[in-house]
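Student: First, the structure itself, so that you have it in front of you.
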Amino acid sequence: MVKKIISSGSFPFSKAIIHNFKYTMEISGQIGIDPKTGKLPEGIEKQTHQALENMKKILEEAGWSFENIIKVKIYLTNMDDYAAVNEIYKKYFSSDYPTRVALAVKALPLGALIEIECTAGNDLF
């Protein structure tokens, strides 16, 4: 995997990433639906963990990991949840964080509090 991180600093995202991947994967927005129950757990922390676990499962099906992610988009129904999401987010990514954007939205599917989508890349399929 060839990627160069441009100044992560102390934030859980990089300012830029230069990459030369042969393959990229766009992962659709993941909300915190528990695949076993088909329901959303209560609270931003549980929904954030579950959304990232759902994303992890998709990455693993391709033989990839969070290390392959180069761009993340986070949609929140309440920007007051931003700090709590950051703390959970840091547990899933190494210090070479992907680039990221976080946006406030009016509503998300099924009343979710958070939705996360990403772009990942790799040289090998």
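Student: Kindly establish whether ALA84 is more than 20 Å from ASN122 (Cα to Cα) and surrounded by fewer than 17 Cβ atoms within 10 Å (Cβ to Cβ).
Tutor: In short, yes.
Student: A follow-up question, please. Where residues in the stretch 48-58 are open to solvent by less than 30 Å² (accessible area, probe 1.4 Å) and of a type in the set (A, V, I, L, M), which of them is farthest from ALA112 (Cα to Cα)?
Tutor: The selected residue is MET55.
Student: Further question: Looking at (1) of a type in the set (D, E, K, R); (2) more than 13 Å from the chain's Cα centre (by Cα); (3) modelled with pLDDT of 95 or more; (4) closer than 21 Å to LEU124 by Cα, can you tell me which one ASP96 breaks?
Tutor: (3)
Student: Hey, any hits in the stretch 31-40 for a residue that's in contact with a Phe, Trp or Tyr (Cβ under 7 Å, 6 or more places away or on another chain) and of a type outside the set (D, E, K, R)?
Tutor: Taking every residue of the stretch 31-40 in turn, none turns out to be in contact with a Phe, Trp or Tyr (Cβ under 7 Å, 6 or more places away or on another chain) and of a type outside the set (D, E, K, R).
Student: Considering (1) closer than 14 Å to ILE116 by Cβ; (2) surrounded by 11 or more Cβ atoms within 10 Å (Cβ to Cβ), say which one ASP34 fails and leave the rest.
Tutor: (1)
Student: I'm checking my understanding of the structure. Among residues of the stretch 1-13 that are hydrophobic (A, V, I, L, M, F, W, C), farther than 17 Å from TYR92 by Cβ and part of a loop (DSSP other than H, G, I, E, B), which one is modelled with the highest pLDDT?
Tutor: If we take residues in the stretch 1-13 being hydrophobic (A, V, I, L, M, F, W, C), farther than 17 Å from TYR92 by Cβ and part of a loop (DSSP other than H, G, I, E, B), then VAL2 is modelled with the highest pLDDT.
Student: Collect the residues in the stretch 59-81 that are open to solvent by less than 30 Å² (accessible area, probe 1.4 Å) and touching a Ser or Thr at 6+ places or on another chain (Cβ under 6 Å), keeping them in residue-number order.
Tutor: Result: LEU59, ILE70.
Student: To continue, here is another question. Quick check on the stretch 87-102: of everything there that is closer than 18 Å to SER28 by Cα and β-branched (Val, Ile, Thr), which residue is least open to solvent (accessible area, probe 1.4 Å)?
Tutor: So the residue we want is THR99.
The values are calculated or read from the model by the stated rules, or taken from the named source; none is laboratory data. Note that this is a predicted model, so its numbers are computed, not measured. For neighbour counting, all protein chains shown are included, and Cβ atoms are generated from backbone atoms with ideal geometry for every residue, glycine included. To get the accessible areas, we keep the full protein, side chains included, count just its heavy atoms, and leave off ligands, DNA and RNA. Shrake-Rupley method; radii C 1.70, N 1.55, O 1.52, S 1.80 Å.
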